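Reviewing the structure listed below.
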Amino acid sequence: MFRIKTEEDKDKKERTGDVKIPDSEPPTPHSSAKMNLRDRTTSMEDPDGTLANVAQCIEQLRQGSSSAQERENCLKQLLDLIEMRENAFSAVGSHSQAVPVLVSLLRSGSLGVKIQAATVLCSLCKENELRVKVLLGGCIPPLLGLLKSSSVEGQIAAAKTIYAVSEGGVKDHVGSKIFSTEGVVPVLWDQLRSGNKKGEVDGLLTGALKNLSSTTEGFWSETIRAGGMDVLVKLLTSGKASTVSNVCFLLACMMMEDASVCSSVLTADITKQLLKLLGSGNEASVRAEAAAALKSLSAQSKEAKREIANSNGIPILINATIAPSKEFMQGEYAQALQENAMCALANISGGLSYVISSLGQSLESCSSPAQTADTLGALASALMIYDGKAETTRASDPLVIEQTLLKQFKPRLPFLVQERTIEALASLYGNSILAVKLSNSDAKRLLVGLVTMAANEVQDELVKALLLLCNHEGSLWHALQGREGIQLLISLLGLSSEQQQECAVALLCLLSNENDESKWAITAAGGIPPLVQILETGSAKAREDSATILRNLCNHSEDIRACVESADAVPALLWLLKNGSSNGKEIAAKTLNHLIHKSDTATISQLTALLTSDLPESKMYVLDALKSMLSVVPFSDMLREGSASNDAVETMIKLMSSAKEETQANSASALAAIFQTRKDLRESALALKTLLSAIKLLHVDSEKILVESSRCMAAILLSIKENRDVAIAAREALPTLVSLANSSVLEVAEQGMWLSGQVPLESAIIDLPEGFENITARELWVDGGGWDLTRIAPFVSEETRQELAAVVVDTITGAQDRLEVYVTCETASCLLLKKSNNMKFEAARGGGGGVAWRLHQQRELESLHRLGIEFATGHHVDLCLLRERYRFLRSIYKHHCNADDECFEDMKCIAAYVYYEEKLLSVLLNSATEIDESHRRKLSSSTGALKTSVSQHLAKEQKQVFPLLIEKFKHKEQAYIVWRFLCSIPVNMLAVFLPWLASSISIDESKELQKCLSKIVPGEKLLQQVIFTWL
């Protein structure tokens, strides 16, 4: 008898001299210590010697000197190890030589060795990774050879292993190729056709074919070519449940694959056999697959429908649909039987809607409670599987169905009928397609759910509430009798089952959402403690609903909020925030926002810890909760280094540099909300740190990050005048901010324009230097030039600086003692205003022509924006005319930008603003010309953006650019700038532009414009005549 060589055998051989001791030096103390350590380590890793025994088995199987009997015994011992010891399975699977050795023995060993090798390989296929390894090891050809042998034991072993390696499913692409290449399908059909196999082999081979039917290329063509239909018909009467179940499955699939097969089925007269298999005497798997075969047959053949109906198939199918309820069947086959039978019934009747309608009508003619219960059960099954396809074929009216079912609630109703009625109502309210058409369907579904689980006395109250709700006799609050219903539901939160608790909490959630009285009723009935308990111990859905109820309570009353806070809801909500589903985290964050009205160091610390941990994966809801808490933390705590709130803000700033885009965007969003509400923080050092981190995000490609980081910056820059460091940082980032305004994302572009407008061009206001305290205004005035802004500007506000910069000496008109002051009104209500005898208002940039151009530009865009809004709201607008007006404005603006490029190329401080701002407006104008009927909303948005951009542009020029122009250019140079602008416009366009420019101003304004142009246009009479004729 062969056995594994043990350490005892080695010792015996050493004593008898069979083992040669190698020549070696005596071991040193160090080497002895290492050997002892290795032995102890091996003993710790393999305490029962399993790994060593597995390795010895495989090694001895590899040796060619072993006899067939020794190998067979070794394989048996290896199989025993795999089945008896958990670590042996992984040891065999991880051994690099295990599968090759086993496949080699399967290929060339004796019959007994082949059988044992196949059995071991079959056991390895329990794990998918090893199953693939067995397949790739080349096991299929020797297994097919063993299957064809005359040995029954060999056939069974081969069939089991083939079945095991075929269980890869639809994702087994490797197996699909191998089975197709090796021609497995024809061989299996040939073996089934031979009829020499035992029943167990037939079941295994049909099971393997079932597995291969959905994965192997060309399966059905090979099946039909191999005469698979005839084989299945013969096997249908085999009597073995597993075989019959597989045969029915293959028949159903074959008929759906090739409708011509149905005629062979009808010819073979197996319809009655399939109907017979639906009976209660058969196993659930056989009944479910037989129903599937009838479903396919009735779907593919009109003749089959008639034959099923003529064979008394309709009542048999109805009984099959209610069998799971009547016989208390459980599991996937019970559901499959119900669905397949109902689908077959629908195919015969013309659709599910016809079945539902017919069953509803037959309720009135039922002669016994048992018949009524069966009909209700079938109706419940039909409502359960009613889908979009059935709705499209012929829609059922859920209101009619509901009223039909409610009529079944009669005095002294038999228990079975009530049970089936509730079951049918549950199917109705649980069907999303039908329930959406019913009022209060969620509440009705939950009430029905509670009815099925509640005790008798509670059940009666819930049924009354359901009937009131279904008959439209008030809201859920009134249907449950108000506070009495609240107390009933809260009583179900404690010792009830998880499902009952879930339904009760969901109903309380609905009540707290729709009725204010319910909030105090829940509190007064002692509902807060059990709701907090559910936050800790309930199901995922119950926790989410409980958190929603607590949020509604906190939002309703400060007194209730204090009660919730005192019930220790915060720790439970923090747990949900960390470990809940995405929806649960969102609800927990919102509830915490309503619950916590004061800074709490411990909670802030816990939230900060969540931000730095791996869980939750998304920090969005943690940031949301933290944002609300930091909005109310004292300013001193926020600035104190090491405090919980300071650590929280610092962590949020660091997260803006996270590797995850979502976390970056969410951090920027949360910080934006904090700085938006806290002016004190905007003026602190934290604002600068946040701003610098936000600026770094402006270089990424993510649209979401750009939007949120620009919002964050916008919030911080609200106090730019009060924070010198922020102003300096923003000024240094000005090119980036200006380029942001060119973004294709409208919101980012708008933020970029706004941000650019907040950044001052010059240094911030500084303290007066020594000697400036007693300086007089006369010393700051330059005769012939106006105020000396180089000395004044650093010490006055921006508004004052603009007012002073607007005052210059008139050297154009020749009038004596006149000061010319430029004033731009944001609404552009006037072009030129007169002040006293000796003062007039004139354009600082290019005289009246420049102002008229900007004024009419703004008025034109306001008009276009109004038309855009009318178009977006459905009013008739002439799109062709609108498009032409935009194209004209775009062309003029193009020439305007080109003129600016030439005029300001030596003034970098002005050019940066003018270039980027005006290029952006040009881009917006380009987009506004691409309009059609499908872009109503886009047109309205674009025109609004244009109007906003122009307003900001003009305001910025007034504050920052115009004073510099006055300072840098003399009046003749200003006139020359306007002339260059006019000369840049083609003559044919100028003939349209000047009348367009003059069309929106008054007669007096027109005179002022002509007077200015007379100083701008060169003195040639013919040229002036042409220009003024166009005006």
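The values are calculated or read from the model by the stated rules, or taken from the named source; none is laboratory data. The structure presented is a predicted model; accordingly, all values stated were derived computationally and were not measured. FYI the Cβ positions are ideal-geometry reconstructions off the backbone, even for glycines, and counts take in every protein chain you see. For accessibility, only protein heavy atoms count, side chains too; no ligands or nucleic acids. Shrake-Rupley method; radii C 1.70, N 1.55, O 1.52, S 1.80 Å.
Take the residues in the stretch 696-726 that are crowded, with 21+ Cβ neighbours inside 10 Å and of a type in the set (Gly, Ala, Ser), then tell me which one is nearest to residue 656 (Cα to Cα).
If we take residues in the stretch 696-726 being crowded, with 21+ Cβ neighbours inside 10 Å and of a type in the set (Gly, Ala, Ser), then 709 is nearest to residue 656 (Cα to Cα).
Could you please let me know if residue 416 is open to solvent by 40 Å² or more (accessible area, probe 1.4 Å), in a helix (DSSP H, G or I) and either under 16 Å from residue 504 (Cα atoms) or out of contact with any Gly (no Cβ under 9 Å at 6 or more places or on another chain) (or both)?
Here the answer is yes, as residue 416 does meet what is asked.
Condition test on residue 264, is it over 41 Å from the mean Cα position of the chain (by Cα), surrounded by 15 or more Cβ atoms within 10 Å (Cβ to Cβ) and within 22 Å of residue 206 (Cβ to Cβ)?
For residue 264, the condition - over 41 Å from the mean Cα position of the chain (by Cα), surrounded by 15 or more Cβ atoms within 10 Å (Cβ to Cβ) and within 22 Å of residue 206 (Cβ to Cβ) - is met.
Considering 567, 540, 572, which residue is closer than 21 Å to residue 500 by Cα and touching a residue at least 12 places away in the same chain (Cβ under 8 Å)?
Answer to the check: 540.
Quick one: which of 369, 324 is out of contact with any Pro (no Cβ under 7 Å at 6 or more places or on another chain), at negative phi and of a type outside the set (A, V, I, L, M, F, W, C)?
The conditions single out 324.
Output the residues belonging to the stretch 120-135 that are touching a residue at least 40 places away in the same chain (Cβ under 8 Å) and surrounded by fewer than 20 Cβ atoms within 10 Å (Cβ to Cβ).
123, 128, 132, 133
Collect the residues in the stretch 311-353 that are among the β-branched types (Val, Ile, Thr) and open to solvent by less than 20 Å² (accessible area, probe 1.4 Å), keeping them in residue-number order.
Within the stretch 311-353, 321, 322 meet the criteria.
If a residue must be open to solvent by 40 Å² or more (accessible area, probe 1.4 Å), out of contact with any Gly (no Cβ under 6 Å at 6 or more places or on another chain) and among the small types (Gly, Ala, Ser), how many such residues does the stretch 233-261 contain?
So the answer is 4.
Step by step: first the residues of the stretch 392-405, then only those that are at pLDDT 90 or above and assigned to a helix (DSSP H, G or I), then the one that is nearest to the chain's Cα centre (by Cα). Which residue is that?
Of everything passing the filter in the stretch 392-405, 398 is nearest to the chain's Cα centre (by Cα).
Could you tell me which residue of the stretch 153-168 is surrounded by the most Cβ atoms within 10 Å (Cβ to Cβ), considering only residues that are of a type outside the set (A, V, I, L, M) and part of a helix (DSSP H, G or I)?
Looking at residues that are of a type outside the set (A, V, I, L, M) and part of a helix (DSSP H, G or I), I get 161.
Please determine, by comparing only the residues of the stretch 752-768 that are over 16 Å from residue 719 (Cα atoms) and modelled with pLDDT of 60 or more, which one is nearest to the chain's Cα centre (by Cα).
This residue is 752.
Contact list please: Cβ distance under 6 Å, first residue in the stretch 374-400 and under 17 Å from residue 436 (Cα atoms) and free of Cβ contacts under 8 Å to residues at least 60 places away in the same chain, second residue surrounded by fewer than 14 Cβ atoms within 10 Å (Cβ to Cβ) and basic (Lys, Arg), pairs at least six apart or on different chains.
Once the first residue is under 17 Å from residue 436 (Cα atoms) and free of Cβ contacts under 8 Å to residues at least 60 places away in the same chain and sits in the stretch 374-400, its partners that are surrounded by fewer than 14 Cβ atoms within 10 Å (Cβ to Cβ) and basic (Lys, Arg) give 398/437.
Filter the stretch 517-537 for residues that are within 32 Å of the chain's Cα centre (by Cα) and part of a loop (DSSP other than H, G, I, E, B) and give the result.
none
Select from the stretch 95-109 the residues that are among the hydroxyl-bearing types (Ser, Thr, Tyr) and within 23 Å of residue 145 (Cα to Cα) and write down the one among them that is surrounded by the most Cβ atoms within 10 Å (Cβ to Cβ).
104
Restricting attention to helices (runs of 4 or more DSSP H) lying wholly within the stretch 262-355, give those where 2 or more residues are within 27 Å of residue 426 (Cα to Cα) and of a type outside the set (Lys, Arg).
Qualifying helices (runs of 4 or more DSSP H): 284-300, 313-326, 332-349.
What number of residues within the stretch 483-494 are open to solvent by 10 Å² or more (accessible area, probe 1.4 Å) and in a helix (DSSP H, G or I)?
Going through the stretch 483-494 one residue at a time, the tally reaches 6.
List the number of the failed condition for residue 793; all other conditions in (1) on the phi < 0 side of the Ramachandran plot; (2) at pLDDT 65 or above hold.
Looking at each condition in turn, residue 793 falls short on (2).
Looking only at the stretch 538-575, filter to residues that are of a type in the set (Val, Ile, Thr) and under 28 Å from the mean Cα position of the chain (by Cα); which one of those is surrounded by the fewest Cβ atoms within 10 Å (Cβ to Cβ)?
570
Among the listed residues 113, 101, 120, 134, identify the single one that is touching a Cys at 6+ places or on another chain (Cβ under 7 Å) and assigned to a helix (DSSP H, G or I).
Unique residue meeting the criteria: 134.
Considering the stretch 982-1022 alone, what residues qualify as being modelled with pLDDT under 70 and under 23 Å from residue 962 (Cβ atoms)?
1000, 1001
Among (1) assigned to a loop (DSSP other than H, G, I, E, B); (2) under 39 Å from the mean Cα position of the chain (by Cα); (3) within 23 Å of residue 556 (Cβ to Cβ), where does residue 438 come up short?
It fails just one condition, (3).
Output the residues belonging to the stretch 82-94 that are part of a helix (DSSP H, G or I) and open to solvent by 20 Å² or more (accessible area, probe 1.4 Å).
Across the stretch 82-94, the qualifying residues are 83, 84, 86, 87, 89, 90, 94.
Residue under question is residue 461, and the condition is that it be farther than 23 Å from residue 423 by Cβ and open to solvent by 20 Å² or more (accessible area, probe 1.4 Å); does it hold?
no
How about the stretch 616-655: which of its residues are open to solvent by less than 10 Å² (accessible area, probe 1.4 Å) and within 19 Å of residue 586 (Cα to Cα)?
616, 622, 623, 625, 626, 629, 630, 652 - these are the residues of the stretch 616-655 that are open to solvent by less than 10 Å² (accessible area, probe 1.4 Å) and within 19 Å of residue 586 (Cα to Cα).
Scan the stretch 659-689 for residues that are under 22 Å from residue 619 (Cα atoms), in contact (Cβ under 8 Å) with a residue 40 or more places away in the chain and not aromatic (Phe, Trp, Tyr) and report the count.
The total comes to 17.
Say whether the condition of being in a helix (DSSP H, G or I), of a type in the set (Asp, Glu) and without any contact (Cβ under 8 Å) to a residue 60 or more places away in the chain is met by at least one residue in the stretch 468-482.
Within the stretch 468-482, not a single residue is in a helix (DSSP H, G or I), of a type in the set (Asp, Glu) and without any contact (Cβ under 8 Å) to a residue 60 or more places away in the chain.
When you go through 497, 439, 427 one by one, which is the residue that is of a type in the set (S, T, N, Q) and crowded, with 20+ Cβ neighbours inside 10 Å?
427
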